[in-house]
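First the structure, in the form of structure tokens, and then the observations on it.
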Amino acid sequence: MNKVLIITHGLFGIELKKSAEMIMGEQENVDALGLVPGQSVDDLREQAFAIVEKNDEAGAHTIIMCDLMGGSPSNVALACVGKVDCDVILGVNMPMLIETIQQLDMVEDGHELAGIALEAGKMGARLINRSNLKG
């Protein structure tokens, strides 16, 4: 079993989950945390540890998706890797999250699913302008 934890600055990850649920329906296997103004990094770390440890105890692999490398949310995610066997992906986006949700029950190996998620995120980013529009 695989689960997703989104950790971002502000409400970005929480709202990203809500947006994915508009498309995919309620997602019980996806959690989201956001570091908000006035919240300590220690508080965010405790919340993240509680989620990944609960998932690990239930036999679930956690894929953590963060907004960017080097920020407090990604540092918290990397600390989670020291606690349990999980994967961290930086640069979370909607295509990545949607593909991961679609594959959660089909791909058993969590590390393989993390690779699929990363590729979906890369493929979902596109540059469109007049010169490459057809018609």
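Things to note:
- Measuring max minus min along each principal axis, the C-alpha atoms of the stretch 2-132 give extents of 48, 36, 25 Å (largest first).
- HN-Hα J in Hz across the stretch 92-103 - Karplus 6.51, -1.76, 1.60, θ = phi - 60°, x for Gly and Pro: 4, 8, 4, x, 4, 5, 4, 4, 5, 4, 5, 9
- MRE, 222 nm, helices only [DSSP H, n ≥ 4, -39500 (n - 2.57), over the chain, to nearest 500]: -16000 deg cm²/dmol
- Loop-resident GluC sites (Glu not before Pro) (DSSP state other than H, G, I, E or B) in the stretch 1-89 with no more than 12 further Cβ atoms inside 10 Å of their Cβ: Glu26, Glu28.
- Protection-proxy order for peptides 100-109, 64-73, 121-130, each taking the mean of Cβ atoms within 10 Å per residue, highest first: 64-73, 100-109, 121-130
- Here the dipole of the chain is about 820 debye; that uses its Cα centre as origin and unit charges on the Cβ of Lys and Arg (positive) and Asp and Glu (negative).
- Within the stretch 3-39, backbone nitrogen closer than 19 Å to the virtual label 7 Å beyond the Cα of Ile128 toward Cβ: 20, 23
- Relative contact order computed over the chain (Cα-Cα under 8 Å; 6+ residues apart), in percent: 26 percent
- Environment charge of Asn55, counting only residues whose C-beta is closer than 10 Å and scoring Lys/Arg +1, Asp/Glu -1: -2
- Whether the stretch 1-47 is rounded, prolate or oblate, judged on the alpha carbon gyration tensor where a/c under 1.5 counts as rounded: oblate
- Directionally averaged shadow of the stretch 67-130, computed from the convex hull of its alpha-carbon atoms, nm²: 5.3 nm²
Coordinate-derived values only; no laboratory data. Everything quoted here is computed from the prediction, not taken from an experiment. Positions of Cβ are backbone-derived with ideal geometry, glycine not excepted, and every protein chain shown enters the neighbour counts.
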